[in-house]
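Below is one structure, written out as structure tokens; the observations come after it.
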Amino acid sequence: MRKRVTVKRTYQVSGRFHTARRGGPRTLDRTRVAWVAALFGMWALLVVVRLVDLQVLDHADALKTARRQQEHTVRIEARRGRILDRVGRPLAESIEVPSLYAHPAAMTDPARAARQLSPLVGTSVRRLERRLTSGRNFVWLGRRLAPALAHEILALNLAGVEKITENRRYYPGGRLAAQVLGFVGVDGEGLGGIEYRYDDAIKGRPGTMLSVRDGHGKDVLLRLERPSSSGQDLRLTLDQVIQYHAEVELGRAMKDTRSKWGVVVVMNPNTGAVLAMATRPSFNPNAYQKARTDHRRNRTVTDPFEPGSTMKVFVAAEALERGLVRPNEIIDCLHGSIIVSGKRIRDHKIFDLLTFTDVIARSSNVGIIVTGLRLAPEALHHAFTKVGFGSRTDVGLPGESAGILHPPRRWSGVSQASMSIGQEVSVTALQLVRAMSAVANNGILPQPYLIEEGGRGVRSGPRPGQRVMEQDTARALNRMLEWAVQDGTGKLASVPGYQVAGKTGTAQKPVSTGGYGKEHLASFLGYVPSRRPELAMIVVLDSPQGKYHGGEVAAPVFARIATPVLRYLEIPPDHGTLVVKGVPRPVQTAAAQPSPATPADAVPAEPMVPDVTGSSLRAALATLARAGLTAQVQGTGVVVSQYPVPGTLMGSGDAVAIRLTRQEHVPTRRAALR
């Protein structure tokens, strides 16, 4: 075996002898180089493997991460379409307002920023700081802010805080028609009423914009990827002026009677167009978050109730239609009480012998029960279903109730008598006014609708009605309902110069334990002018205090709404007279004068805002000047909207805001009504 030989050398350094082995230092150097080379090779191999992993295997994920860090897609909200009344006045529109957001990565001191922003955006410091340090690339600070507040926040000059313009829904009438219109949430989604039901048509299509940021978090590129498209406008059948009168008078009645809630529905009985739909208590959709849930409910379609004596109209219609009674037939009202299946039912006062016309006019319970019992149960049930009770009207509002109408097989021995006087059956206000419109419309039941013009995919305009009674039956019933206002329980619904037909209702309210309590629901259901109807209306007051009969508290509301609305619609009086301050004044007949003028002494001491929509600027200024008012003008062309609404009392010299625009045609009130 070959042995390794080590040669020792001895040399002297500084007087000392040292011995060195040949080959020692060189061997160590080569070993170290080998280790370093191996480690470098392993590192290089790892780098190559990682590069292959990133560039080949995980390329897609890495690209997504990079884009997430450098790119952000900003949603551009579409402008919602306007909601207009029947002549084009805006009821809901969108206005541009600032919204603020933050890029947390671009913030130099999130804690300090949170302390400064907290009192302005209404979020606690701790929560805001947590959001700003969460690692997210985009954080909303406030959406649809008041311009002054947004300016105050931007004045802080905080790094990473940016502004974007969004649209905020604005309701210029405030509470006007609030339950019908609904409201829009912070994300631009319709959350009630028309806004919810037709959200797909109104909201439009949002767009997107790509934002690219550098390593410091600053935007270096903004690119529009998809433009937004505005939503469709909806023109409703509601009339701003008629709605205003309905809400004012309903509010007055609520205050006078201390009722729990009340509703008014005004409809054109010929076409089914809903002209006004008022509910009290109400809310302001501009601040819907502050409103109670029940105040946002449209009770005209969501809350069925036992109608009481207004149901007698439809029992009478069926009995007349089948020839079971005649208008002048004498009915024995049994001295004010009747026993049915062992239950005694009393009249509100003692009646003995009444003509059937007077049974309706005096609202005799016993008289209509005697008549109703002549009908077979199936015939009475048919009398109600054919005019729409027990079914939704499909007017186009969310949450509509069909009411409650049980089939005859579920009736008790007393049900037929109870239903004849409006008990054991529940209906909505809209169902009732629709059913009464069949009488006004010579036996044709109209289909209620709210959308006059809606664009693609939105059903709009009037629909054909359905005959539910013969013309002779409707005309006979019309004369009976006229008598109910002239000499019956509905006297306070009279409108000077116009013939009114209608029926009062006073219903005991059922209680949860069974039976009926001491509270009542008062109503009046009618139409005017009775021989050429233009308005059908129902007024309902829940639990009025003090006086509670429909003829005492609801009928006057009908008259107070109908009087100015008939004048506003330029519907001429029936008998060639116009009553001003209780004094009859001769005017031309309806055929000779389609547009009677209001005498000067009919103007109240305080200036009342006239209707100037559709007028030129010069004509509008002249009209306002004659009323003792001035104008605040925006735009050119013809007047398309005004505030306050017509009929509002103002101080002498006050300004009415009018908005003008150039357009080819503004429909007249009568043309739009038809």
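Show me the chymotrypsin sites (Phe, Trp or Tyr not before Pro) within the range 118-201 that DSSP assigns to loop and that have at most 16 other Cβ atoms within 10 Å of their Cβ.
Working: sites: F138, W140, Y170, F183, Y196, Y198; in loops: F138, F183, Y198.
For chymotrypsin sites (Phe, Trp or Tyr not before Pro) across the range 118-201 that sit outside H, G, I, E and B with at most 16 neighbouring Cβ atoms in 10 Å, the list reads F138.
Across the range 498-504, in residue order, what do the Karplus-derived ³J(HN,Hα) couplings come to in whole Hz, using 6.51 cos²θ - 1.76 cosθ + 1.60 with θ = phi - 60° and x for Gly and Pro?
For the range 498-504, the Karplus-derived couplings read 10, 7, 10, 10, x, 9, 7 Hz, x marking Gly and Pro.
Which ³J(HN,Hα) values in Hz, rounded to whole numbers, follow from the phi angles of the range 395-403 under the Karplus curve 6.51 cos²θ - 1.76 cosθ + 1.60, where θ = phi - 60° and Gly and Pro get x?
Result, rounded to whole Hz: 6, x, 10, x, x, 5, 9, 7, x.
Amide H to amide H, which residues 5 or more places from E519 or on other chains are under 5 Å from it, using H placed in the peptide plane?
Here K509 satisfy the definition.
Most exposed first by the Cβ proxy, i.e. fewest other Cβ within 10 Å, how do D472, D574, D29, D347 rank?
Numbers: D472 12, D574 18, D29 9, D347 21.
The fewest-first ordering by Cβ neighbours comes to D29, D472, D574, D347.
At R0 = 35 Å, how high is the FRET efficiency between A111 and Q289 if r is their beta carbon distance? Nearest 0.05 is fine. Don't skip to the end; give the middle numbers.
Numbers: r = 30 Å, r/R0 = 0.85.
Calculated transfer efficiency: 0.70.
Pull up all non-local amide H partners of T630: gap of 5 or more, or a different chain, and H-to-H distance under 5 Å with H placed in the peptide plane.
Here G653, D654, A655, V656 satisfy the definition.
Report, to one decimal in Å, the Kirkwood hydrodynamic radius for the range 331-428 based on all distinct Cα pairs.
Details: mean 1/r = 0.0688 Å⁻¹.
For the range 331-428, inverting the mean 1/r across all distinct Cα pairs yields 14.5 Å.
What list do you get for R618, R205 if you sort them by fewest beta carbons within 10 Å?
Values: R618 8, R205 11.
Ascending number of Cβ neighbours within 10 Å: R618, R205.
On full extension of the chain, what length is gained from D332 through V633, given 0.36 nm per residue of separation minus the C-alpha to C-alpha distance?
Details: separation 301, 0.36 × 301 = 108.36 nm, distance 6.64 nm.
101.7 nm is the gain from fully extending D332 to V633.
Sorting S259, S124 on the 10 Å Cβ count, fewest up front, what's the list?
On the way: S259 22, S124 10.
With the fewest neighbours first, S259, S124 line up as S124, S259.
Tell me, what HN-Hα J-couplings in whole Hz come from the Karplus equation 6.51 cos²θ - 1.76 cosθ + 1.60 at θ = phi - 60° for each residue of the range 621-634, using x for Gly and Pro?
Per residue, the Karplus-derived 3J(HN,Hα) values read 5, 5, 4, 5, 5, 5, 7, x, 10, 10, 9, 10, 9, 9 Hz.
Per residue, what volume in Å³ does the Cα convex hull of the range 365-495 take up? Provide the component values of the computation, followed by the final result.
Numbers: hull volume 18.7 nm³, N = 131.
That works out to 143 Å³ per residue.
Considering all projection directions equally, how large on average is the shadow of the alpha-carbon convex hull of the range 410-473, in square nanometres? Please report the intermediate quantities before stating the final value.
Working: hull surface 26.2 nm².
Taking the Cα atoms of the range 410-473, their convex hull projects to 6.5 nm² on average.
What is the set of long-range amide H partners of W261 at a cut-off below 5 Å, with H atoms built 1.01 Å from backbone N?
Counting only residues 5 or more places away or on other chains, the set is D542.
How far is it, in nm, from the label point at R662 to the one at D256 when both lie 7 Å from their Cα along the line to the Cβ?
4.9 nm
Each reported figure results from applying straightforward, stated rules to the coordinates on display, with no laboratory input. A quick note: this is a predicted structure, and the numbers were derived from the prediction, not measured. Glycine also receives a Cβ, built like all others from the backbone with ideal geometry; neighbour counts cover every protein chain displayed.
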